[in-house]
Amino acid sequence: MTGYGDTYYARTLADASQRPPLAGTVEADVAIVGGGLAGLTAALELARAGRSVVVLEAERVGWGASGRNGGFVGPGYATSHANITRMVGSKQAKALHQLSIEGVRIVEGNLTELGMAENKRVYGKMSVLRYHDPDGLARQSEMLKKTFDYPVEVMQTDAVRAVLNSPKYFQALYDPASFHFHPLNYARSLAKAIEGLGGRIFEGSRVTGCDFDGAEKVVRAERGDVRARDVVLAGGGYTDNLVPRLRRSILPISTYVLLTESAPERIAQAVRTPMAISDNRRAGDYYRIVDEGARLLWGGRITTRTTEPRRLADMMQNTMVSTYPQLAGVRVETAWSGLMAYARHLMPLIGKLQPGVWHVFGFGGRGMNTTAIGGRVIAEGILGTSDRYRLYEPFSLAWNGGPFGVAAAQLTYWTYQALDLAKERRAARAA
C-alpha cells in the first residue's frame, strides 16, 4: 500500500518509500506545516540558501491536491487577468502574472536541475472554446504577446477538430510553453532534494497544536514538537482548524478525475494529440493521454461536497462520453476526487500572519505554477532577500462565509454552468 489511494499517480510512482513520523523535540530555522508542493518548494528554496528546515506532513508527501491533480503546468491564476486588474490595477496585475510565468519556470528548472529523468515533460496545451469566438481569442493572444512577451497561437476550428474529434469544439489557444507531467513524482523528487540538503521531512505527523507568541515558535505533533524561528503554514483543501483564521478563509472544493483502461485504438479515434487539453468553461473538462497514448486521464466538474460521490466513475465517464461519443464503452479503470482550496477572490493566500509566521495556500484551479512561485516568495521573505510576497497582500484572508459561502459557491458554479450551456446551444444552432 502506498498510502495515496488508487490514483494513476500512485500506480506509477517512481519511488514509494515512506518517511517516519516526528518523534521527540527537533530544532530548525524554519518549520513547514504541509508537505504539498507549496511547502516543499519553500523548503527547497530555504535549504538551498543554507537554512535548516523541517517539514511536517499529516499523511504522505504530495498526498493532497498536489499529487492527484491533472498535472498541467502553465501560467495564470484561477481568476482572469482582467479580474485581477480590476482588483489591484494594471501595474500590479502585470507583476502578478509575471510571477505566475516564473512559477512555470521554477518547475521546469527543478525538473532539469534535479535530474528527474523519470518525470517526462510533454509540452503544449490547447485551451479550447465550446462556442465560436475567433476574434476573442485573437485579442487574448495579442494581449499576452504585447504585455508579457508570451506567444500563443490561435487554432481555427478545422485545426482543432483535426486533433480533437468532437463537434463540441471550435477554436483554441495553443500554448507551446505549457506542459504536463507527473505531479506526485515531482513532489517526491522535491522531498528527496530537500533531504539531500540536510532538511528533514516527517510523514504521518499531523500538527495538533502550536505556540506562535514567543521568538521561538513551537509546532506540536502527536509524538514530538518542532522549535523554530519561523513557521510556514502550507495547507490546502484539507486544512483543519489548527489556525482558525486560515481555515475560515478558504472553501474546500472537490474536483474529479478518471483513468480509462488501456484502449489506444479507441482513444486515438477521439484524441489525436499528446498535448494537455482544457475547455473554457468555469469548471470545464481537462484531460490528456498517458502511457504513450494507451489511456486517457480525464478531469472535471467541481462541487462543494467534500465526500466522494457514489458512482463517481459513472459520473465522470458520462462527462467524457458527452464530448466524445466514440469513447462509449471504454472502461474506467479507476476514479478519484481531491479537495482544492479556493479563497472567495480566487487568488492564492500568500503572506505573513504575524512576525515569524507565514502562510502559503489557496491554490485551487491553477496550482502547479502558483505553488511554485508561492513557495519561492515566502522563502525570499524569510531570507530577507525580497518582499515580493507583498504583491499578494490585496488578496486577504477574508471570511469564506461559512455555510452561506459554501452555498453561494455552489450556486455560482451552477449559474456559470447554465450560462456555458446556453452559449453551447447557441453555437450548435448556428453550426
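The values are calculated or read from the model by the stated rules, or taken from the named source; none is laboratory data. Only a predicted model underlies this, so the values are computations on that prediction, with no experimental measurement involved. For neighbour counting, all protein chains shown are included, and Cβ atoms are generated from backbone atoms with ideal geometry for every residue, glycine included. These area figures cover heavy atoms from the full protein model, side chains too; ligands, DNA and RNA do not enter into them. Shrake-Rupley method; radii C 1.70, N 1.55, O 1.52, S 1.80 Å.
Odds and ends about this structure:
- Counting residues in the stretch 322-329 that are open to solvent by 20 Å² or more (accessible area, probe 1.4 Å) and either more than 25 Å from Lys168 (Cα to Cα) or among the acidic types (Asp, Glu) (or both) gives zero.
- All conditions in (1) over 26 Å from Thr2 (Cα atoms); (2) more than 26 Å from the chain's Cα centre (by Cα); (3) modelled with pLDDT under 95 hold for Glu222, with the sole exception of (1).
- Single match in Thr370, Thr385 (criterion: of a type in the set (Ser, Thr, Tyr) and either in contact with a strand residue (DSSP E or B) (Cβ under 7 Å, 6 or more places away or on another chain) or open to solvent by 30 Å² or more (accessible area, probe 1.4 Å) (or both)): Thr385
- Identity of the residue in the stretch 134-164, assigned to a helix (DSSP H, G or I) and of a type in the set (Val, Ile, Thr), that ends up least open to solvent (accessible area, probe 1.4 Å): Val160
- In the condition set (1) surrounded by 19 or more Cβ atoms within 10 Å (Cβ to Cβ); (2) at pLDDT 95 or above; (3) among the hydroxyl-bearing types (Ser, Thr, Tyr), Thr273 is compliant with all but (1).
- Residues of the stretch 67-90 satisfying the condition of being under 18 Å from Ile350 (Cα atoms), in contact with a Pro (Cβ under 8 Å, 6 or more places away or on another chain) and open to solvent by 20 Å² or more (accessible area, probe 1.4 Å): Met87, Val88
- Remark: pairs (first residue in the stretch 164-183, more than 24 Å from Gly36 (Cα to Cα) and at pLDDT below 95; second residue hydroxyl-bearing (Ser, Thr, Tyr) and surrounded by fewer than 19 Cβ atoms within 10 Å (Cβ to Cβ); Cβ separation under 9 Å; 6+ apart in sequence or on different chains) = Lys168/Ser322.
- Number of residues in the stretch 165-175 that are open to solvent by 20 Å² or more (accessible area, probe 1.4 Å) and in contact with a Leu (Cβ under 6 Å, 6 or more places away or on another chain) equals 1.
- Out of Gly115, Gly62, one residue alone is open to solvent by less than 30 Å² (accessible area, probe 1.4 Å) and either over 26 Å from Gly5 (Cβ atoms) or touching a residue at least 40 places away in the same chain (Cβ under 8 Å) (or both). It is Gly62.
- All positions within the stretch 211-222 that are in contact (Cβ under 8 Å) with a residue 60 or more places away in the chain, within 26 Å of Pro348 (Cα to Cα) and in a strand (DSSP E or B): Lys217, Val219
- Filter pass, Gly214 being at pLDDT below 95, open to solvent by 20 Å² or more (accessible area, probe 1.4 Å), within 18 Å of the chain's Cα centre (by Cα) and closer than 21 Å to Asp29 by Cβ: no
- All positions within the stretch 244-288 that are among the basic types (Lys, Arg) and in a helix (DSSP H, G or I): Arg245, Arg247, Arg266
- Residues being open to solvent by 10 Å² or more (accessible area, probe 1.4 Å), β-branched (Val, Ile, Thr) and either part of a helix (DSSP H, G or I) or within 30 Å of Leu114 (Cβ to Cβ) (or both) are represented in the stretch 223-240 by at least one member.
- Flag if Tyr131 is surrounded by fewer than 22 Cβ atoms within 10 Å (Cβ to Cβ) and either assigned to a strand (DSSP E or B) or aliphatic (A, V, I, L, M) (or both): no
- Within the stretch 342-357, residues that are more than 13 Å from Ile84 (Cα to Cα) sit with their Cβ atoms under 9 Å from residues that are buried (at least 18 other Cβ atoms within 10 Å of the Cβ) and of a type in the set (Asp, Glu), at 6+ positions apart or across chains, in these pairs: Gly356/Asp230; Val357/Asp230.
- Qualifying residue in the stretch 120-135 (condition: under 30 Å from Ser396 (Cα atoms) and not aromatic (Phe, Trp, Tyr)): yes
- Residue count for the stretch 6-40 satisfying the condition of being outside any strand (DSSP E or B), touching a strand residue (DSSP E or B) at 6+ places or on another chain (Cβ under 7 Å) and open to solvent by 30 Å² or more (accessible area, probe 1.4 Å): 5.
- Count - residues of the stretch 176-198 that are farther than 15 Å from Asn369 by Cα and open to solvent by less than 50 Å² (accessible area, probe 1.4 Å): 6
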